[in-house]
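Encoded as structure tokens, the structure appears first; notes follow it.
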Amino acid sequence: MSLPFTYVIGLEVHVELNTQTKMFCRCKNDPFGSEPNSNTCPICTGLPGTLPVPNKEAVRKTVLVGKALGSEIPKFSKWDRKHYFYPDSPRGYQISQYDLPICVGGSIDLLDSEGKVEKTVRFERVHLEDDAGKLLHGDTPGYSQVDLNRAGVPLIEMVSKPDMSSPEEARRFMQELRLLVRTLGVSEADMEKGQMRCDANVSIKFTHEGQEVWSPITEIKNVNSTRGVERSLTVEAQRLYDEWIAGGPVRTRKNKLTAGWNEDTQTVNVQRAKEEANDYRYFPEPDIPPLMVYEVPELHPDAQTVPELPNQRRLRYFGYGLLSADIEVFLNDAERLARFEALVALDESKAKGSSNWLINAPTCLALPDADIITLVDLAANGQLAFAKVKPKLEQIAIEREREGDIKSILSRLDLLQVHDAAVVQSAIEEVLVEQATAVAQYRAGETKVLGFLTGQVLQKSRGKAIAALAQEAMIQALNK
Ligand code: ZN
Ligand code: MN
């Protein structure tokens with residue numbers, strides 16, 4: 001598919017932090033679990049005369065995010081008021097950060113299916129602010145309610161540079177960010193709950209009659225799914241192109257548009273020309289002193305421990321021989337990931353085998369770690385057939401509850417492949433006589449007949465031979 005234009009995409013991603021309390025007061029940070037307006041106080045409802053006090057843990061989590069992204073963490077940052085009127089924000093302004101955010105720069109790599117860096121997306125900044133409340137539009141026309149439980153919840157805004165060049169890349173970037181904040185433990189980042197939301201900026205460039213043309217930038221607000229990000233960017237870029245070609249109203253790069261994404265109709269609604277920064281009348285928040293994270297031991301960047309990040313983990317797993325698709329299954333499934341890590345801790349040399357069982361026969365998760373390792377061992381030695389055991393795993397798990405030893409269960413269910421060396425030996429002797437031509441061929445250097453000869457031995461052993469061991473014995477006999 002070749003498009004007549006190229007994409008220029010940058011994302012602003014808002015992520016709610018999972019702190020115990022809100023950003024500037026001691027109200028519980030629990031926008032979902034409570035009665036509307038129960039987690040509120042004079043501070044987060046914006047009553048005059050109240051004093052906001054920043055949440056240390058929210059600042060710490062922001063520093064941790066910055067450290068994981070490789071951002072610069074400046075010595076000094078500050079808070080600013082960003083003014084806009086909306087009924088879910090009773091203060092009339094948001095406490096945000098304007099020119100001096102907590103984190104500056106940084107980047108995240110998107111890896112290809114072999115673990116090589118395919119794309120680096122850089123960040124402009126990550127800053128901390130507070131969330132607005134929510135409007136509830138009920139059935140009564142002309143009547144809405146406001147719930148301020150979410151007002152004042154800590155929110156980080158992660159602003160990328162316009163480094164993405166396709167809607168698909170933007171979706172992957174979102175997925176990667178979600179994985180990152182979950183790995184860091186700073187947010188559950190459930191997009192359906194609005195814990196992670198994206199404002200997607202898109203413009204296009206193309207050549208028209210020998211001239212390079214840049215379209216206006218459209219900011220698509222509050223997209224709530226990674227698919228929605230991909231789809232809305234595709235739709236809006238095409239619209240920008242069609243509008244330009246048709247000689248529509250907006251033809252210069254300077255114009256900025258704000259739009260909404262309608263998930264149901266899969267359409268972008270362009271709402272208004274975007275406000276410039278000075279429309280927000282930013283000014284320094286007079287009620288909160290500037291932030292100096294290096295002066296507070298718990299907030300110092302050196303005091304933050306960054307866990308193994310998704311890309312580091314991917315590279316370690318590639319080292320075990322895992323495939324990209326399987327690695328992604330683990331990274332996006334906390335339970336299976338934890339079990340896989342436990343198995344790796346038990347026996348790293350069996351990581352690949354353990355992963356095969358966890359991915360292809362997830363029912364084995366009902367078994368203790370040591371039993372899974374036993375299954376891996378037995379399968380690797382040819383002592384059990386994966387395909388035969390897989391449909392029986394549920395039963396095995398139930399019996400395992402009552403009985404201690406998995407090997408005896410496997411044997412009772414007739415799932416263990418037996419190997420009777422004497423039976424195999426006599427089968428080999430028969431084959432050496434009956435297949436004299438093939439034997440001579442092998443001894444003359446035509447080793448490809450080995451498979452055929454081993455097959456004959458297995459047939460004669462009637463289920464009492466493990467293929468790998470039978471083949472080994474056959475080679476020995478042939479080399480005599
Ligand atoms: Zn409050
Ligand atoms: Mn924001």
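Here are the numbers:
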{"read-out": "Residue count, the stretch 428-454 (criterion: in a loop (DSSP other than H, G, I, E, B) and either of a type in the set (Lys, Arg) or open to solvent by less than 50 Å² (accessible area, probe 1.4 Å) (or both))", "value": "1"}
{"read-out": "Subset tally (residues that are surrounded by 13 or more Cβ atoms within 10 Å (Cβ to Cβ) and part of a helix (DSSP H, G or I)) for the stretch 333-357", "value": "17"}
{"read-out": "Residue match in the stretch 22-29 (condition: in contact (Cβ under 8 Å) with a residue 12 or more places away in the chain, in contact with a Lys or Arg (Cβ under 8 Å, 6 or more places away or on another chain) and of a type in the set (A, V, I, L, M, F, W, C))", "value": "no"}
{"read-out": "First in the stretch 76-91 and more than 20 Å from Met292 (Cβ to Cβ), second anywhere and surrounded by 16 or more Cβ atoms within 10 Å (Cβ to Cβ) and of a type in the set (Gly, Ala, Ser), Cβ under 6 Å, 6 or more apart", "value": "Lys82/Ser96; Asp88/Ala132; Asp88/Gly133; Ser89/Ala132; Pro90/Gly46; Arg91/Gly46"}
{"read-out": "Selection from the stretch 358-394 of residues that are open to solvent by 10 Å² or more (accessible area, probe 1.4 Å), closer than 18 Å to Ile327 by Cα and not β-branched (Val, Ile, Thr)", "value": "Asn360, Pro362, Leu365"}
{"read-out": "When residues of the stretch 113-129 are limited to those that are touching a residue at least 12 places away in the same chain (Cβ under 8 Å) and open to solvent by 20 Å² or more (accessible area, probe 1.4 Å), the one farthest from ligand 1 (Cβ to nearest atom)", "value": "Glu114"}
{"read-out": "Complete set of residues in the stretch 1-29 that are outside any loop (DSSP other than H, G, I, E, B), buried (at least 18 other Cβ atoms within 10 Å of the Cβ) and more than 16 Å from ligand 2 (Cβ to nearest atom)", "value": "Tyr7, Val8, Ile9, Thr21"}
{"read-out": "Candidate set from the stretch 455-477 (those that are within 21 Å of Phe386 (Cα to Cα) and polar (S, T, N, Q)); member that is most open to solvent (accessible area, probe 1.4 Å)", "value": "Gln459"}
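Here is a yes/no grid of residues against (1) within 16 Å of ligand 1 (Cβ to nearest atom); (2) buried (at least 22 other Cβ atoms within 10 Å of the Cβ):
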residue	(1), (2)
Ser96	no, no
Gly105	no, no
Asp131	yes, yes
Leu136	no, no
Leu148	yes, yes
Leu155	yes, yes
Glu168	no, no
Met174	no, yes
Thr183	no, no
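The values are calculated or read from the model by the stated rules, or taken from the named source; none is laboratory data. In this text the structure is predicted, and so the values were computed from the model without any measurement. In this analysis, Cβ positions are derived from the backbone assuming ideal geometry, glycine residues included, and neighbour counts consider all displayed protein chains. The protein model used for the area step is the full one, side chains on, heavy atoms only, and it has no ligands, DNA or RNA in it. Shrake-Rupley method; radii C 1.70, N 1.55, O 1.52, S 1.80 Å.
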